[in-house]
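Notes follow the structure.
The values are calculated or read from the model by the stated rules, or taken from the named source; none is laboratory data. Predicted, not measured: the structure shown is a model, and the values here were computed from it. Counting neighbours? That spans all protein chains shown, and the Cβs are built from the backbone with ideal geometry, glycine included.
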Amino acid sequence: MSAGGPPGRPALLSLLLAAAMAFFCSAMSKDEARNRLLMREKMTRVGGRLVLGKQEELANARLMALKKAEMAQAMKTQKFPPSMHFFQAKNLIEKSEVFSILKRMPKGAALHVHDFSILSVDWLVKNVTYRPHCHFCFTPKGTLQFKFAHPTPPTPTPAECSEWILLEKYRRGLQNITEFDNSLLKNFTLMTENPEVTYANQNIVWSKFGTIFFMIAGLVHYAPVFRDYIFQGLEEFYQDNVFYLELRALLLPVSPLSCPLLWLDFQISLCRSSQALCPSTGTGLNAGFISKGTCAFPGATVSKDP
């Protein structure tokens with residue numbers, strides 16, 4: 001005991017020091033345990049056990065720097081794409097440098113892709129609707145219906161559709177063809193400036209979704225278009241560096257210009273020939289069908305929808 005000090009003070013100081021040391025040691029061990037747990041969790045992710053090389057580290061650092069810069073800019077402008085409706089964010093995403101890089105990177109698989117939504121609608125408008133013998137009419141609901149035929153098919157009943165109009169002839173009478181084509185693009189997609197207002201509930205958007213498939217069906221079920229459509233879809237997925245495509249299709253009948261409807265066997269041959277015509281997909285993209293019937297590209301896994 002030191003002279004003049006309160007009795008038991010050295011012992012109290014030693015006890016407090018021991019308690020403080022135990023606390024900090026305990027805190028450090030908890031932090032260390034937490035860090036180890038987080039590390040183990042990261043290693044369970046896809047690619048979590050990969051060790052990046054020097055060039056890969058540089059590429060990753062560059063990508064993360066771009067990502068952080070875009071996020072900082074979004075905070076300034078209050079336009080953060082992940083917080084926005086996709087229709088309103090789409091243009092911002094397409095301008096993103098990060099998206100441009102990701103688009104060129106390899107991707108594993110595109111699963112559960114429906115046959116009528118495998119490619120950009122721009123191709124349907126700028127390619128398919130400009131082909132000879134393409135006709136259209138207006139249904140009583142005001143929606144479009146398309147059909148390839150020669151000669152012009154008989155006029156449907158008023159309850160079905162208006163008089164069939166040859167699209168090539170109709171365009172020749174227009175003053176602004178671009179405006180008309182843009183209206184077709186609008187009809188072929190769900191895109192709208194105010195999605196929350198336009199699609200106030202699920203029934204409305206689902207109805208528009210079904211209407212789009214109905215319109216596209218008249219274009220795609222023409223046999224020459226069907227083959228080119230599958231080909232173009234494979235090509236677009238290949239350009240996006242997708243390695244595998246799972247296509248879900250009803251395989252409804254397709255038709256040549258003026259012949260009876262052709263069914264499954266013919267569509268299988270078109271599926272195969274579309275891939276054979278595309279050497280790029282033959283080396284980089286494997287594709288398979290899941291359908292009520294059986295249709296597959298060479299080397300692909302074939303499944304049936306349950």
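Apart from one condition, Phe116 fits all of (1) in a helix (DSSP H, G or I); (2) closer than 21 Å to Ala249 by Cα; (3) more than 15 Å from the chain's Cα centre (by Cα); the exception is (3).
Of the residues screened, Ile230 is not one that is touching a helix residue (DSSP H, G or I) at 6+ places or on another chain (Cβ under 6 Å), closer than 17 Å to Cys137 by Cα, assigned to a helix (DSSP H, G or I) and aliphatic (A, V, I, L, M). Listed by first and then second residue, the pairs with beta-carbon distance under 6 Å, at least 6 apart or on different chains, first residue in region 73-87 and in the same structural domain as Phe99 (by TED's automatic domain parsing) and surrounded by 14 or more Cβ atoms within 10 Å (Cβ to Cβ), second assigned to a helix (DSSP H, G or I) and at pLDDT 90 or above, are Phe80/Ala74; Pro81/Ala89; Pro81/Leu92; Pro81/Ile93; Phe87/Pro195.
Taken across region 241-261, residues that are in a helix (DSSP H, G or I) and either touching a residue at least 40 places away in the same chain (Cβ under 8 Å) or not hydrophobic (A, V, I, L, M, F, W, C) (or both) do not occur at all.
Of everything listed in (1) at positive phi; (2) within 16 Å of the chain's Cα centre (by Cα), the single unmet condition for Phe99 is (1). Residues in region 196-240 that are over 17 Å from the mean Cα position of the chain (by Cα) and charged (D, E, K, R): Glu196, Lys208, Arg227, Asp228.
Condition check ((1) within 22 Å of Val98 (Cβ to Cβ); (2) at pLDDT 90 or above; (3) part of a helix (DSSP H, G or I); (4) out of contact with any Gly (no Cβ under 8 Å at 6 or more places or on another chain)) across all residues:
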{"position": "Pro6", "(1), (2), (3), (4)": "no, no, no, yes"}
{"position": "Pro10", "(1), (2), (3), (4)": "no, no, yes, yes"}
{"position": "Leu17", "(1), (2), (3), (4)": "no, no, yes, yes"}
{"position": "Ala22", "(1), (2), (3), (4)": "no, no, yes, yes"}
{"position": "Ala33", "(1), (2), (3), (4)": "no, no, yes, yes"}
{"position": "Gln55", "(1), (2), (3), (4)": "yes, yes, yes, yes"}
{"position": "Arg62", "(1), (2), (3), (4)": "yes, yes, yes, yes"}
{"position": "Glu70", "(1), (2), (3), (4)": "yes, yes, yes, yes"}
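Tell me, please, whether a residue that is acidic (Asp, Glu) and free of Cβ contacts under 8 Å to residues at least 12 places away in the same chain can be found in region 89-99. Yes, some residue in region 89-99 is acidic (Asp, Glu) and free of Cβ contacts under 8 Å to residues at least 12 places away in the same chain.
Collect the residues in region 144-170 that are in contact (Cβ under 8 Å) with a residue 60 or more places away in the chain and loosely packed, with under 15 Cβ neighbours inside 10 Å, keeping them in residue-number order. Within region 144-170, His150 is the sole residue that qualifies. Going through (1) assigned to a helix (DSSP H, G or I); (2) farther than 30 Å from Lys67 by Cα one by one, Glu196 falls short only on (2). Hey, could you check region 172-189 for residues that are hydrophobic (A, V, I, L, M, F, W, C) and loosely packed, with under 15 Cβ neighbours inside 10 Å and say which is farthest from Val128 (Cα to Cα)? Here the answer is Leu174.
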